[in-house]
Amino acid sequence: MDWDFIVEAMPALLAGLRYTVLATVMGYALALVLGLVVAMVRKGAPPTVAKTVFWIMEFIRCTPLLVQLFFVFYVLPSAGIALTPLTAGVIALGVHYAAYTAEVYRSGLDGVPKGQWEAARALSLPGVRTWTSVILPQAIRRVIPALGNYLIAMFKDTPLLFAITVPELLFEANRLGGENFKYLETISAVGVLFIVVSVLSAIGIRFLERRYAAV
Amino acid sequence: MTFFTDSLPIYLNGAWYTLMITVGGCALAFVISMIFGILGTMRSLVARAIATVYVEIFRGVAALVLMFWLFYAMPLLIGYRLEPVVAAILALGLNVGAYGAENVRGAINAVPRAQYEATVALNFEPLQRMRLVILPQAWAQMLPTFGNLVIELMKGSAVVSLIAVSDLTFVAQQMRTFTGETLLAFLAALIMYFILAQIFLFLTRMAERRANRRLGRLPDRPAKKRAIPSMAGVARGGES
């Protein structure tokens with residue numbers, strides 16, 4: 001182990017970490033929004049639409065993120081949509097995890113008692129208000145810890161962006177390791193960084209669970 | 001369509017590698033999750049500490065980082081380079097095993113306490129207690145999550161293409177460069193993965209039914225379908 005080299009490599013690794021965090025945050029935001037839309041469509045749209053959406057999501061959930069990354073990165077440009085690697089990565093991460101968050105939202109929506117829907121109807125609330133002021137506040141509150149888990153899972157999937165040349169943490173580590181032939185130091189450092197982040201976030205989730213425990 | 005028929009043998013070959021790595025990884029992950037899961041339920045503080053440390057470390061590191069470490073970094077430490085397939089199976093098994101251990105621990109803890117007390121009252125040895133009473137009940141509980149983990153592992157196995165194992169993803173990449181049919185090349189791989197996943201899902205569903213039937217728990221299919229709406233009705237009636 002060459003400790004001096006790790007110290008030397010730290011700035012580059014942290015620059016990579018910035019991309020990792022950026023991709024995670026943007027991908028997660030996309031997954032949260034898209035997942036909610038999917039869950040609402042599956043709840044409210046006509047059966048044929050809901051069924052189609054279900055199978056698309058099932059397909060996304062059953063196929064590897066890496067292939068989906070390649071798909072977005074190589075296929076969309078050939079259809080005339082220019083993408084930077086980071087954008088492609090964010091889209092693939094967001095859509096992939098939307099398939100998971102949609103299930104989480106769905107369980108939250110199913111947990112809202114039917115009486116709440118009936119009460120909203122009895123008060124003749126318009127559809128939009130039924131969703132925004134009655135159903136969603138109750139549904140989302142109880143799934144916050146589960147959604148948090150997917151933030152961590154997504155963070156751990158960001159090294160895959162390495163495969164489409166996003167200069168994130170693993171990419172930087174691999175580059176530095178290759179240039180100086182110090183794979184042991186750089187990749188170990190990445191591993192340790194991941195463990196640290198994941199242990200910290202596990203503590204965070206436990207806090208969320210206590211704060212928003214299912215009613 | 002000709003693309004699919006022409007390249008089917010190549011994709012099947014890739015699928016074979018994916019399947020091999022998935023099965024190997026699952027076997028390793030299963031053993032690990034049983035060992036560390038049971039350690040996590042023990043009374044001894046040391047056993048539980050070992051289980052917690054294992055789970056936190058290997059759940060924390062992404063499978064890809066772990067695989068890179070095993071493949072590129074470890075040879076510098078021990079002077080022996082693993083076969084890519086072995087590195088992949090190790091990385092996936094260790095990673096998914098950590099999730100599995102949590103699953104096993106949760107399932108064993110969910111077995112009612114009275115069952116455990118009954119085995120003590122009947123003077124069972126610890127091994128008999130586990131084998132005959134606790135595990136069969138915990139098994140039915142842990143199967144659905146294991147099924148999901150198998151799918152996760154299969155999906156995770158795509159990363160082995162990055163260390164040049166010719167699995168489905170690798171084949172798709174090659175087909176893309178050779179034929180230039182970007183869309184079809186990846187679509188074919190995605191469909192193959194989807195079919196594999198559906199097969200694994202079917203198998204776990206069968207295993208779940210068997211485990212439940214052995215415990216005398218399985219309501220027959222039509223009865224189950226009737227039971228759900230009636231229960232929903234009860235819940236609704238209770239609230240209104």
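What accessible area per residue comes out for segment B:62-211, rounded to a whole number of Å², with a 1.4 Å probe?
Ligands and nucleic acids excluded, the result is 45 Å² per residue.
To the nearest 10 Å², what's residue A:48's accessible area with a 1.4 Å probe?
Approximately 100 Å² of residue A:48 is accessible to the 1.4 Å probe.
With charges only on Cβ, +1 for K and R and -1 for D and E, what is the dipole size of segment B:14-239 about its Cα centre, in debye, rounded to 20?
Result for segment B:14-239 is approximately 900 debye, rounded to the nearest 20.
Expressed as a rounded percentage, what relative contact order does segment B:14-239 have, with Cα pairs under 8 Å and six or more residues apart?
Reported relative contact order: 25 percent.
Across chain A, how many lysine pairs, 8 or more apart or on two chains, come within less than 29 Å at their alpha-carbon atoms?
4
Inverting the mean 1/r over all pairs of different Cα atoms, compute the Kirkwood radius of segment A:49-165 and quote it in Å.
16.4
Would you mind giving the total buried accessible surface between chains B and A, with a 1.4 Å probe and ligands, DNA and RNA left out, rounded to the nearest 100 Å²?
3400
With a Förster radius of 41 Å, plug the Cβ-Cβ distance of residue A:4 and residue B:42 into 1/(1 + (r/R0)^6) and report the FRET value to the nearest 0.05.
0.45
Where the only charges are on Cβ atoms (+1 Lys, Arg; -1 Asp, Glu), what is the dipole of segment A:13-136 about its Cα centre, to the nearest 20 debye?
Around 200 debye, computed over segment A:13-136.
For A:157, B:167, A:4, write out the residues from largest to smallest accessible area, computed with a 1.4 angstrom probe and no ligands counted.
Solvent-accessible surface, decreasing: A:4, A:157, B:167.
Once Lys and Arg get +1 and Asp and Glu get -1 on their Cβ, which of B:154, B:65, B:126 lies farthest toward the positive end of the dipole of chain B?
B:126
Could you work out Rg/(2.2 N^0.38 Å) for segment B:104-195, with Rg from alpha carbons only?
1.83
Cα to Cα, under 15 Å, and not fewer than 8 places away if on the same chain: which aspartates and glutamates meet these conditions relative to residue B:155?
Filter leaves A:58, A:157, B:167.
Limiting things to C-alpha atoms, what are the Rg and the maximum Cα-Cα separation (Dmax) for segment A:3-211, in angstroms?
Over segment A:3-211's Cα set, Rg and Dmax evaluate to 20.4, 70 Å.
So what is the relative contact order of chain A, in percent, for Cα pairs below 8 Å that sit 6 or more residues apart?
30
Is the shape of segment B:14-239 rounded, prolate or oblate, going by the alpha carbon gyration tensor and its root eigenvalues a ≥ b ≥ c, with a/c under 1.5 for rounded and a/b larger than b/c for prolate?
Oblate.
Once you place label points 7 Å from the Cα toward the Cβ at residue B:76 and residue B:6, how far apart are they in nm?
Going from the residue B:76 label point to the residue B:6 one covers 4.4 nm.
Which residue, A:208, A:138, A:162, has the largest displacement toward the positive end of the dipole of segment A:119-215 when charges sit on each Cβ (Lys, Arg +1; Asp, Glu -1)?
The one lying farthest along the dipole's positive direction is A:138.
Largest first, how would B:33, A:124, A:107 line up by accessible area (1.4 Å probe)?
Reading off the accessible areas and sorting them downward yields A:124, A:107, B:33.
Which residue, chosen from B:215, B:77, B:194, occupies the Cα position most advanced towards the positive end of the dipole of the protein assembly as shown, where the dipole is computed from +1 (Lys, Arg) and -1 (Asp, Glu) charges on Cβ about the Cα centre?
B:215
Convex hull over the alpha-carbon atoms of segment B:10-112: what's its volume per residue in Å³?
Hull volume over Cα atoms, normalised by residue count, gives 108 Å³.
Relative to the longest principal axis of chain B, what angle (0 to 90°, nearest 10) does the C-alpha long axis of helix B:182-214 take?
That helix lies at roughly 20 degrees to the long axis.
Once you charge only the Cβ atoms, +1 for Lys and Arg and -1 for Asp and Glu, what is the size of the charge dipole of segment A:3-211 about its Cα centre, to the nearest 20 debye?
1080
Considering the Cα positions of the protein assembly as shown, please state its Rg to one decimal place and its Dmax as a whole number of Å.
Rg and Dmax of the protein assembly as shown, Cα atoms, are 23.7, 74 Å.
The values are calculated or read from the model by the stated rules, or taken from the named source; none is laboratory data. In this text, all values refer to a predicted model and were calculated from it rather than measured experimentally. Every residue, glycine among them, receives a Cβ derived from its backbone with ideal geometry; neighbour counts consider all protein chains shown. Each accessible area value is taken on the protein alone, full model and side chains, heavy atoms only, with ligands, DNA and RNA left out. Shrake-Rupley method; radii C 1.70, N 1.55, O 1.52, S 1.80 Å.
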